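Here is the structure we will look at.
The values are calculated or read from the model by the stated rules, or taken from the named source; none is laboratory data. Predicted, not measured: the structure shown is a model, and the values here were computed from it. Neighbour counts are summed over all protein chains in view; Cβ atoms, including those assigned to glycine, are modelled from backbone coordinates with ideal geometry. These area figures cover heavy atoms from the full protein model, side chains too; ligands, DNA and RNA do not enter into them. Shrake-Rupley method; radii C 1.70, N 1.55, O 1.52, S 1.80 Å.
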Amino acid sequence: MAAAVSTAVTNKSHLSSALDKPFTSPSQKLLSLAVKTLPKPYHHHHRTLITAASKNPLTDVVSSKPNPDGLSFESYFDDDDDKPREECGVVGIYGDSEASRLCYLALHALQHRGQEGAGIVCVNDNVLKSITGVGLVSDVFSESKLDQLPGDLAIGHVRYSTAGSSMLKNVQPFVASYRFGSVGVAHNGNLVNYKQLRGELEENGSIFNTSSDTEVVLHLIAISKARPFLLRIVEACEKIEGAYSMVFATEDKLVAVRDPYGFRPLVMGRRSNGAVVFASETCALDLIEATYEREVLPGEVVVVDKEGVQSICLMPHPEPKSCIFEHIYFALPNSVVFGRSVYESRRAFGEILATEAPVECDVVIAVPDSGVVAALGYAAKAGVPFQQGLIRSHYVGRTFIEPSQKIRDFGVKLKLSPVRAVLEGKRVVVVDDSIVRGTTSSKIVRLLKEAGAKEVHMRIASPPIIASCYYGVDTPSSEELISNRMSVEEIREYIGSDSLAFLPIESLNKMLGSDSKSYCYACFSGNYPVEPTGKVKRIGDFMDDGLSGDMDSIDGGWLPGSSKVQKKIILNEVRTS
């Protein structure tokens, strides 16, 4: 048997965040543009990729989560959170009489991006009407509710967050009325200067109804004195920093905006009747039979109204830093994200692992569903059969009553069932997309061995995750990330596998070729393209779930302020405010 392979984080990309030479003020630039200007092809300004090593071992942290329903499901809840979570997905449709129903279907296609809240805003007779709710899209909307949303302009949103009693008020899209009319917004991403902006707005008398950073954008639009509406969006986006792919609805316009770094995806398509569609992924376009046209470019504002489609450059854009985890985990395999097929990317990740981390084995299996395509790539390259060694239940909700006599690995067993006929007496390679805390991986290894696997070799189709994300992905704090505390060999011992290998980041860069510098690797390196300044909320914790009271009174939810965040992971130290 080949020796255990360790491809630890020894190379970490030091990503350049230098901006191109600034344009004139976007507000001034916009006024001089022709009414219908189309975007020029976006040119990548490649920078030299510098590698540096960084490791910050910390003491193990055991995270416990409260159960809002009083049921016994702690083990399941922890298992369910042992993956990064995409914060949300957005949809916008203009020019179709069934806009709300098409929006509903598109949100179904994006359900994997958020399962705990959904909403649609539709415009009819210059009136914005909103329906939002907690739960899956099919739980929130019914035929009768969609009948209440007539009109040919709609925006929609699916949301992920942690559980919370006040979650409903944070479900998007948000709608606000102000002196120039009404506006609705759906946002995918996270603003790293949210706390600072909210503090300034509150000092000037703004009253906030939610704890979502998206509400800041509405306030900035409302206080802008610019005309027309497009200029107010431009002014607001000049002040916000971080990740945002947003769709806005007004009485007569649909507007799509993407941040200058292009962290989160946003694509544009068109239906055969001419209706224009924006969505987080192309899979949503496919379902409603809209033809994919292009991405909304980093730093671009696209306006759709009765005059047609207008496009402007929002602000100077640096080299794009699109989220690599869209290709590793978040997006569906049938989507095209950042101009690349997600399926082809994941298959290539598996092939790389088979080439660089081979091991003698009898069968290759996947942790479903996100590890399947990479496992297919591994199996094909290794010449070993791929089989379904783990069967996933698709009927698992958020809460379960556990028997009083505690069942070991209860949460994993609810979701994954081993197939003894595939595993018994076999040397098994199991492919997963990532390891976050390591809790689920250890239980999967034990599950496979209890089902008779002779050897279990873990192959992870991503580099080790050592840093939190602040751009719209829910990752644990850095001290909870197992790869930030342990070497690859220590992780292997912890999860109990016979060998363990991660996707080497240098091999990932090589596979991406000339596009490699256009991706954000902050979760693998701790080098942040837009460095968090001041106090920045951790996504997915209490802050985004209907916080009431003084934000500064919350323990452990903020990053320490720093004029320059060090390139080593100083973000591990979370200050008590």
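Based on the mean of other beta carbon atoms within 10 Å per residue, what is the order of 381-388, 150-157, most packed first?
Working: 381-388: 16.1, 150-157: 26.8.
The densest-packed peptide leads the list: 150-157, 381-388.
Express the carbon and sulfur contribution to the solvent-accessible surface of segment 191-316 as a percent, rounded to the nearest whole number, probe 1.4 angstrom.
Working: 1880 of 4030 Å².
Using a 1.4 Å probe with all protein chains present, segment 191-316 comes out at 47 percent carbon and sulfur.
Which value, in Å², gives the accessible area per residue of segment 106-240 when a 1.4 Å probe is used on the protein heavy atoms?
Accessible area per residue, segment 106-240: 37 Å².
5 Å is the cut-off here: which amide hydrogens, built 1.01 Å from N in the peptide plane, fall below it relative to residue 427, excluding neighbours closer than 5 in sequence?
When sequence neighbours closer than 5 places are left aside, the close amide H contacts are 362, 363, 454, 455.
Using C-alpha positions alone, give me the convex hull volume of segment 464-521 per residue in cubic angstrom.
About 95 Å³ per residue, rounded to a whole number.
What residues have an amide H closer than 5 Å to that of residue 416, excluding those fewer than 5 places away on the same chain, when H is modeled at 1.01 Å from N in the peptide plane?
Under 5 Å from the amide H of residue 416 lie the amide H atoms of 393, each far enough along the sequence or on another chain.
Over 24 Å between Cα atoms, which of 381/426; 169/306; 145/306 qualify? Walk me through the intermediate numbers first.
Details: 381/426 19 Å; 169/306 32 Å; 145/306 27 Å.
Checking Cα-Cα distances, 169/306; 145/306 exceed 24 Å.
Long-range amide H contacts for residue 136: which residues qualify at under 5 Å (H placed 1.01 Å from N, peptide plane, sequence gap of 5 or more or a different chain)?
Hits under the 5 Å cutoff: none.
So how far apart, in nm, are the two label points at residue 272 and residue 405 if each is 7 Å from Cα heading toward Cβ?
Calculated label separation equals 6.1 nm.
Per residue of segment 369-385, in order, report the coupling 6.51 cos²θ - 1.76 cosθ + 1.60 (Karplus, θ = phi - 60°) as ³J(HN,Hα) in whole Hz, putting x for Gly and Pro.
My calculation for segment 369-385 gives 9, 6, x, 5, 5, 5, 5, 4, x, 4, 4, 5, 6, 7, x, 10, x Hz in order.
Quick one: what are the phi-derived ³J(HN,Hα) couplings along segment 338-348, Karplus 6.51/-1.76/1.60 with θ = phi - 60°, whole Hz, x for glycine and proline?
6, x, 10, 6, 5, 4, 5, 4, 5, 4, 5
Highest mean first, how do 465-475, 283-293 rank when packing is the count of other Cβ atoms within 10 Å averaged over residues? It would help to have the intermediate numbers written out before the result.
Working: 465-475: 25.3, 283-293: 19.5.
Packing order, densest peptide first, comes out as 465-475, 283-293.
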